[in-house]
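Input: a single structure, listed below in structure tokens.
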Amino acid sequence: MYRCLEQHPKCRLLHAWRTSGSTFQPKRLVDVGATGEKTWRLILREDSTISTPYATLSHRWSPDQQFKLLSKHLQAYMNGQPLDILPPVFQDTLRVIKALGIRYIWADCLCIIQDSSSDWETESLEMSKVYASSVCNISITGFEDTSTGFLDKTCGFVPLPCRVRPSWARHVDEDWYVLDPYFWWAQLTKAPLTKRGWVFQERLLAPRVIHFGPEQLLWECASLDACEAFPQGMPEMVKTPRDTGFKRLDFLFENYAKVNSLSEDHRVLSMTEEDLLYYWCEVVEAYSRTSLTKPRDKLIALAGVAQLMSPSDDLNHTTSSKGYVAGLFNQHLSLMLEWHSDCGISSRREPVGVRPPQYRAPSWSWASIDGRVFYDYLPRRVNDIQQWRRRTSWEMFIDRFNRHMSLADSPHCPIPSRCLDWKPLIFQVESSITTSGQSHFGQIVSGSLRLNGLLFLARDIMTASSRHSRSILPYLDAPTTSGGIQPTTLLLPLRCVQLHREDDDCHFYWVTGLLLDPVDALASTYQRCGMLSILSTDGVRDIGIELSESPFTAKYSDDKILETIRLI
């Protein structure tokens, strides 16, 4: 930890970026006492001038979490309490931070008044500052049940790689080692705690994380992924873009050739518009794999990361033309609307998403459903693996689609090498969000989009595509009682995409759009129920879109009249 504090310039720069170079003190902290003291107490920011390093805690609440801060406990906890009244998980945590030379810790169950909705909402929106300003985060990662503590459950030895000398390689002088390529995946990515929604942002925002796993301690910071078996860093064989480098944020450092060339002047890093689009969509995809005990926390549990991504001058406005709206950003709204709730082609007849009955977000927001969401249609280069460190999603997606085609005479969709350009098919898009408090990162009461676009009956589009053997791909956000698209379901085209295939220098076109169900057709009010892609140049032209190749244009024919609609 101290090597990171003293010798990782990248970690220092990221810390300055996350905190804007300012000092932050949480409203409440737990003072664990000096070495040898047997008491702890709650201290308030306004009652103390202490500005000192503090740790944070990530752990899974037990179903009957008894020990938590309630209004009636506030004064007693401020007066001081014996250590032995704390549950074992907290006693072990305090032993850890004392061993690290840290006297203060922030834990949600002890630093937020749990029976005060106003205190909870205010403090939950401070998460980005609380975790980003800490010296480290103690994460009880590998244990589902911490009711009896965790220190006595850790393995008494460190499992090291096995050294072998294969009989078929006797002529090789060097030793061979057996490594598990899924080590990091098993230890962290699939650990019980990292599946929790709140922990996602705690892990991402903290400058460094010490994970307590069942086998050993593991370490994460912006410069290093390590563990007791590999204290200098994970071997290349174990590194994967999906599992390691969770805290790396390499795209912020693209102007620097090497880590050693980073400036030492603590210059605050900035995020470009392009960075915001791709990184936020990656965050949403990863976050949607987690679960929440209280599903209503879907957006609030990611608010800290959203605040970090937002323009600094936009944080205090309840609405903004450039701001954050229900889990999306206005700068890229038409692109960020193109999420879908299952992974594309599969044998399942029903999507994996579920839209809960309690209102949480407008239907056009990914936060309105429970379940994984995907952004397969972002306009990036398809075969650029190093940029964004992502899989080649378009190529794999289309290949999966082609293999799924059941009819031998059905035409296959060509696999592009890159996305050349795209044109909008919706115009004058305006968002409106009402939250329960002053911050537009808070709980949503209502939200809507008003835009100009063109609506088609989805059944007509699908029937025509089937008749002419053209590829079309529908996604439903959540299962329907009829098991499919309703006769009244409409298609709202969003974008026309120009793709390129290098082997025959071919340009072809896709259209992406939203599936909408009418709420009040007379008032032109609809709600989203899915997404649809037309994977065919002929199919694109069938819905009245006129195309030109050079320069690329896509516009509706003159006989099409756009209308103003409202999505809720």
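The values are calculated or read from the model by the stated rules, or taken from the named source; none is laboratory data. Everything quoted here is computed from the prediction, not taken from an experiment. No Cβ is skipped: glycine too gets one built from the backbone with ideal geometry, and neighbour counts run over all protein chains shown.
Couple of notes before you dig in:
- Criterion applied to I534, I545, I472, I485 was being surrounded by fewer than 20 Cβ atoms within 10 Å (Cβ to Cβ), in the same structural domain as R296 (by TED's automatic domain parsing) and in contact with a strand residue (DSSP E or B) (Cβ under 9 Å, 6 or more places away or on another chain), and the one residue passing it is I472.
- Of all residues in the range 180-230 being over 14 Å from R248 (Cβ atoms), of a type in the set (K, R) and outside any strand (DSSP E or B), the one that is farthest from the chain's Cα centre (by Cα): K190
- Residue pairs meeting the criteria (Cβ under 7 Å; at least 6 apart or on separate chains; first touching a residue at least 24 places away in the same chain (Cβ under 8 Å), in the range 528-550; second of a type in the set (K, R) and surrounded by 18 or more Cβ atoms within 10 Å (Cβ to Cβ)): S536/R470; D538/R470; G539/R470
- Restricting the range 366-380 to residues that are in contact with a Gly (Cβ under 7 Å, 6 or more places away or on another chain) and aliphatic (A, V, I, L, M) leaves a set whose member that is nearest to W280 (Cα to Cα) is A367.
- Restricting attention to the range 536-552, the residues being of a type in the set (S, T, Y) and in contact with a Lys or Arg (Cβ under 7 Å, 6 or more places away or on another chain) number 1.
- Any hit, the range 47-55, residues being within 32 Å of the chain's Cα centre (by Cα) and of a type in the set (G, A, S): yes
- Restricting L449, L420 to those that are among the hydrophobic types (A, V, I, L, M, F, W, C) and either at pLDDT below 90 or more than 26 Å from G484 (Cβ to Cβ) (or both) reduces the list to L420.
- Residues of the range 121-131 include at least one that is at pLDDT 90 or above, surrounded by 21 or more Cβ atoms within 10 Å (Cβ to Cβ) and either in contact with a helix residue (DSSP H, G or I) (Cβ under 9 Å, 6 or more places away or on another chain) or not assigned by TED's automatic domain parsing to the domain that holds A222 (or both).
- One residue stands out in the range 239-275 among those that are hydrophobic (A, V, I, L, M, F, W, C) and either closer than 19 Å to Y287 by Cβ or not in a helix (DSSP H, G or I) (or both): the one that is modelled with the lowest pLDDT, namely A257.
Per-residue answers, yes or no, for (1) touching a Cys at 6+ places or on another chain (Cβ under 7 Å); (2) under 12 Å from L454 (Cα atoms); (3) hydrophobic (A, V, I, L, M, F, W, C):
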position: V497; (1), (2), (3): yes, no, yes
position: H507; (1), (2), (3): no, no, no
position: W510; (1), (2), (3): no, no, yes
position: V519; (1), (2), (3): no, no, yes
position: C529; (1), (2), (3): no, no, yes
position: L535; (1), (2), (3): yes, no, yes
position: D559; (1), (2), (3): no, yes, no
position: E563; (1), (2), (3): no, yes, no
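- Set side by side, the residues D152, D173 differ, and just one is in the same structural domain as W120 (by TED's automatic domain parsing) and modelled with pLDDT under 80, which is D173.
- Where strands (runs of 3 or more DSSP E) sit wholly within the range 1-97, those with at least 1 residues that are surrounded by fewer than 16 Cβ atoms within 10 Å (Cβ to Cβ), in contact (Cβ under 8 Å) with a residue 40 or more places away in the chain and among the hydroxyl-bearing types (S, T, Y) occupy 39-44.
- Of the residues making up the range 139-151, one or more are aliphatic (A, V, I, L, M) and buried (at least 21 other Cβ atoms within 10 Å of the Cβ).
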